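The values are calculated or read from the model by the stated rules, or taken from the named source; none is laboratory data. This one's a predicted model, so the numbers in the text were calculated from it and none came from an experiment. Cβ placement follows ideal geometry from the backbone for every residue including glycine, while neighbour counts extend to all protein chains displayed. Remember, those area values only see protein heavy atoms, side chains included, never the ligands or the DNA or RNA. Shrake-Rupley method; radii C 1.70, N 1.55, O 1.52, S 1.80 Å.
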Amino acid sequence: MSIGGGSSSAEVRTDRSRAIAASSAHARGRPQARGKFVFAGDEKVYLRGVVYGAFRPDANGREYQDVAAIERDFALMHANGLNAVRIPHTMPPRSVLDAARRHGLWVMAGLSAEQYIGFLIDRKKTLSEIEALVRSKVRECAGHPALLCYALGNEIPASIARWLGRRTVEQYLKGLYRAVKAEDPAGLVTYVNYPTTEYLQLPFLDLLCFNVYLESRSRFDAYLDRLQNLAGNRPLLMSELGLDSLRNGEAAQATSLDWQVRTAFAAGCAGAFVFSWTDEWYRGAGDVDDWAFGLTRADRSPKPALAAARRAFGEAPFAPDVRWPRISVIVCTYNGARTIRDCLEALDRLTYADYEVIVVDDGSTDTTAAIARRYDCRLIQTENRGLASARNTGLRAASGEIVAYIDDDAYPDPEWLTYLANRFLSATDVGVGGPNIAPAGDGRTAECVARAPGGPVHVLLSDREAEHIPGCNMAFRKESLEAIGGFDPQFRVAGDDVDVCWRLQERKWTLGFSAGAVVWHHARRSVRAYWKQQSGYGRAEAMLERKWPEKYNASGHMTWSGRLYGQGLPQLLGRGRIYHGPWGSAPFQSLYQPAPGGLWSLAGTPEWIFAIVLLGGLSLLGVNWHPLLLALVPFAIATLLPLVHAGLGATRATFPPSYAPGALARLRLLTAFLYLTQPLARLRGRLQSGLTPWRRRGTAGLALPLPRTAALWSERWLDLDQRLRTVEARLKMAGAAARRGGAFEHFDLEVRGGLLGAVRLLVAAEDHSGGAQLIRFRWWPRCSYGGVALAAVFAALAGGATLAQAWTAAVVLGVATALVAMRITLECAGASATTARALELDGKGAT
């Protein structure tokens, strides 16, 4: 057998040095999953792997018993720069792990869950018996220094998963996961999935592994972005990729492998395994001779694909000849002495070729400036003007064509800037963000805060286009940021990132997201600090609502178009829907979860407390008029929903498996408490800054809230869409909240006067000779259905109390009816006046 690999001596020396470095990684400790990547000790390990087997068993039915052949194969892998090998369908004997260690290879060991699941269907074995079988396999090799991770199984057939149902398969794999952890608590555990059962939700796994075979580079790249969003804050591994040289030719196989490997690492994958090492392959009861996916032929002579994989892996995650843009990293800080040292030390360790660090000290009174002077950065000290102003100071001082912002309580992954820059080079986005992940070791309260609602999350419109990127990890093209005037200085503490994203998108520019551009962001370490943070966010929401009323609904909440990603988000009770395709034949089968809605969505909002108070007040009036005691039922439900919401969120939060049951229970209780605390803190900040349910928007005057029409003659022709945009802009300048009518709605604009009343506007244009136009307007009040219903309920109850001569209840309910009715009228009247002013009619010519 050939073991030279056909490479030049220089390439072999380089690749051998990499393999030796990988071998020494074994001595640094067992691999760990930290955020989106795998680490050995403190060093990140990019996994450059290959699938090995299955091979024909010996006379005793045992695989991997030819020690000499394994030594030769592992030596050849070592010589070609590989550092990982995947044994797909069986737990390898210790002799294989020992050989892997000698040659600097990590081993992904298979536990064959897909082979045992049929026992559950046929009732030949119970789940506990299968778990005992898995534990016995793990026990033989637990703690071996060459183990990368345990793979519970490989591609449970889609038809079997559909037969059993998603929940059953998920619980089956979760039981096996617990069995592995019982024998080897420090071992990483994964399951090798594939697109046809993509819908399986397995948040307990340490790594997300997928086998993906796509021969289109653009489709592969797009699907990797989807898988990264499924992986969340966990590493994503391509556990199989490759191309059959028997049908496509060896040259095409080499070309395909080159871009597959490079695309996987560019997308932020922690590693990739090529299928397979050799064309020698055994499956079922015989040799497989109608496929040839190997990097080597059956006699181990190398194919061109081996050299292609060696080059692509050797340059991971990016080729060294890329011309990277200069980036200015800006750290804005105010009294950040406790955390800024970690931030600056990590910035010193960045692998990026051309960058500068600018620290803007926004009037700190602690030792922040003294700490910053010890590092290779430019320090700019100003008086305390707030976060947005500090960001602008850094922008003006930046020399890079890209400006990247990171908070003083965060620190970046070494390749942070490289992944950001790669997205800028490969797309037209003007801004790019990445994940922000809470590091371990900050204390139990910080771990709970990291899993509570209200943290900085990114919002994606698609798998790669963002609607919002958090300020702790965001980068922009400098010229685009300057074109919109930088950040709005009114945002002193928070909200500046949301505002700048909306302003960029207002110009039809796009934002991107790179899963590999990771920063580690410290969560608040005390409940008090968390309360202060959330209260500040509430004040920022009020400021944003005043500037962007059209981005908020009537109740004062942001209406994101995209999907929020992160921890502490609403936990759904529904099962979702799986797209299986006809007869379960779809090659890509996804789970579609409905957005949280109705009472369940409202239960986690700050204003829900008002519903509880209202129902509680009605219950108290039951002392005077007993029928109102029935309000105790909805009062109990309203009170219970936030508790269920908090309990479900805390139960589904994923904590490290090392915690004992008692400690884990305490962590979940604290997390539930934070779920209950967060809306109250937000409400406090919102109320302090005027974002109240009873606020009125842009309604300085009043007009009778009656249906009205008006006509306007114009000697200048304008497209109707342009005229409507002009009206919309005037409404915004007046501070009004205007919403465009949807595709199925019979109005053009809705002007909100408040929570309970609005005006709807319809516009028509008649074209006349000489480019003149007659513009017709019609607007009419629209009362909130909820407000009308509330007033009707109060009125009916007041009438009932009057008939029963329960005068206290009757008076209170009568006053409540009058107040609601008056509020509806005033809001409709204010919106009507605002609409007339925006049309520049001021009541003239309107009927």
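Gln490 - would you say it is over 18 Å from Gln567 (Cβ atoms) and polar (S, T, N, Q)? It is true that Gln490 is over 18 Å from Gln567 (Cβ atoms) and polar (S, T, N, Q). Please enumerate the residues belonging to the stretch 121-150 that are closer than 12 Å to Leu111 by Cα and β-branched (Val, Ile, Thr). Of everything in the stretch 121-150, those that are closer than 12 Å to Leu111 by Cα and β-branched (Val, Ile, Thr) turn out to be Ile130, Val134, Val138. Note on the stretch 49-159: enclosed helices (runs of 4 or more DSSP H) holding 1 or more residues that are farther than 25 Å from Phe313 by Cα, in contact (Cβ under 8 Å) with a residue 24 or more places away in the chain and open to solvent by less than 30 Å² (accessible area, probe 1.4 Å) are 113-122, 127-141.
Of all residues in the stretch 633-663, those that are open to solvent by less than 60 Å² (accessible area, probe 1.4 Å) and among the basic types (Lys, Arg) total 0.
Checking the stated criteria, Arg684 turns out to be under 30 Å from Val613 (Cα atoms) and either in contact with a Cys (Cβ under 7 Å, 6 or more places away or on another chain) or among the charged types (D, E, K, R) (or both).
For the criterion of being outside any loop (DSSP other than H, G, I, E, B), open to solvent by less than 30 Å² (accessible area, probe 1.4 Å), within 30 Å of Gly647 (Cα to Cα) and among the hydroxyl-bearing types (Ser, Thr, Tyr), Thr677 passes. The single condition among (1) in a helix (DSSP H, G or I); (2) in contact (Cβ under 8 Å) with a residue 40 or more places away in the chain; (3) small (Gly, Ala, Ser) that Ser276 does not satisfy is (1).
Between Asp258, Asp290, the distinction of being farther than 30 Å from Phe513 by Cα and either open to solvent by 20 Å² or more (accessible area, probe 1.4 Å) or under 24 Å from the mean Cα position of the chain (by Cα) (or both) belongs to Asp290 only.
Within the stretch 481-498, the set of residues being touching a Phe, Trp or Tyr at 6+ places or on another chain (Cβ under 6 Å) and not in a loop (DSSP other than H, G, I, E, B) comprises Asp496 only. Among the residues making up the stretch 178-199, those that are open to solvent by 20 Å² or more (accessible area, probe 1.4 Å) and of a type in the set (A, V, I, L, M) are Ala182, Ala186.
Might you check whether a residue that is touching a residue at least 60 places away in the same chain (Cβ under 8 Å) and hydrophobic (A, V, I, L, M, F, W, C) occurs anywhere in the stretch 362-383? For the stretch 362-383, residues touching a residue at least 60 places away in the same chain (Cβ under 8 Å) and hydrophobic (A, V, I, L, M, F, W, C): absent.
Does Arg341 fit the bill of being open to solvent by 70 Å² or more (accessible area, probe 1.4 Å), over 29 Å from Ala397 (Cα atoms) and not in a loop (DSSP other than H, G, I, E, B)? For Arg341, the condition - open to solvent by 70 Å² or more (accessible area, probe 1.4 Å), over 29 Å from Ala397 (Cα atoms) and not in a loop (DSSP other than H, G, I, E, B) - is not met. Name the residues in the stretch 772-807 that are open to solvent by 20 Å² or more (accessible area, probe 1.4 Å), hydrophobic (A, V, I, L, M, F, W, C) and more than 46 Å from the chain's Cα centre (by Cα), would you? Scanning the stretch 772-807 gives Leu774, Ala795, Ala796, Leu797, Leu803, Ala804, Trp807. Residues in the stretch 206-221 that are open to solvent by less than 10 Å² (accessible area, probe 1.4 Å) and either of a type in the set (Gly, Ala, Ser) or free of Cβ contacts under 8 Å to residues at least 40 places away in the same chain (or both): Phe210, Val212. Taking the criterion of being in a helix (DSSP H, G or I), open to solvent by 10 Å² or more (accessible area, probe 1.4 Å) and in contact with a helix residue (DSSP H, G or I) (Cβ under 8 Å, 6 or more places away or on another chain), the only residue of the stretch 222-244 that qualifies is Tyr223. Quick one: count up the residues across the stretch 696-754 that are open to solvent by 70 Å² or more (accessible area, probe 1.4 Å) and not charged (D, E, K, R). Total meeting the criteria: 12.
Inspection of the stretch 681-688 finds a residue satisfying the criterion of being surrounded by fewer than 18 Cβ atoms within 10 Å (Cβ to Cβ) and in contact with a Lys or Arg (Cβ under 7 Å, 6 or more places away or on another chain). Taken over the stretch 322-337, residues that are within 30 Å of Ala84 (Cα to Cα) and either touching an Asp or Glu at 6+ places or on another chain (Cβ under 9 Å) or outside any loop (DSSP other than H, G, I, E, B) (or both) amount to 1. Of all residues in the stretch 344-380, those that are open to solvent by less than 60 Å² (accessible area, probe 1.4 Å), part of a strand (DSSP E or B), under 17 Å from Ser399 (Cα atoms) and not β-branched (Val, Ile, Thr) total 3. Among residues of the stretch 738-762 that are closer than 16 Å to Leu839 by Cβ, those with a beta-carbon under 7 Å from a residue that is surrounded by 24 or more Cβ atoms within 10 Å (Cβ to Cβ) and aromatic (Phe, Trp, Tyr) at least six positions away or on a different chain give the pairs Val759/Trp779; Arg760/Trp779; Leu761/Trp779.
Just a yes or no: is a residue in the stretch 732-751 β-branched (Val, Ile, Thr) and either more than 30 Å from Ile609 (Cβ to Cβ) or touching a His at 6+ places or on another chain (Cβ under 8 Å) (or both)? No, the stretch 732-751 contains no residue that is β-branched (Val, Ile, Thr) and either more than 30 Å from Ile609 (Cβ to Cβ) or touching a His at 6+ places or on another chain (Cβ under 8 Å) (or both). When restricted to residues that are in a helix (DSSP H, G or I) and closer than 17 Å to Leu569 by Cα, the stretch 647-668 contains 7.
None of Gly516, Gly512, Gly536, Gly568 is at pLDDT below 90, open to solvent by less than 40 Å² (accessible area, probe 1.4 Å) and touching a helix residue (DSSP H, G or I) at 6+ places or on another chain (Cβ under 9 Å) except Gly568. Residues that are aromatic (Phe, Trp, Tyr) and modelled with pLDDT of 90 or more within the stretch 33-87 comprise Phe37, Phe39, Tyr46, Tyr52, Phe74, listed in sequence order. Of all the residues in the stretch 696-747, those that are within 35 Å of the chain's Cα centre (by Cα), of a type in the set (D, E, K, R) and within 20 Å of Pro549 (Cα to Cα) number 7.
Taking the stretch 321-342 as the range and being farther than 24 Å from Gly441 by Cβ and of a type in the set (D, E, K, R) as the test, the residues that pass are Asp321, Arg323, Arg326.
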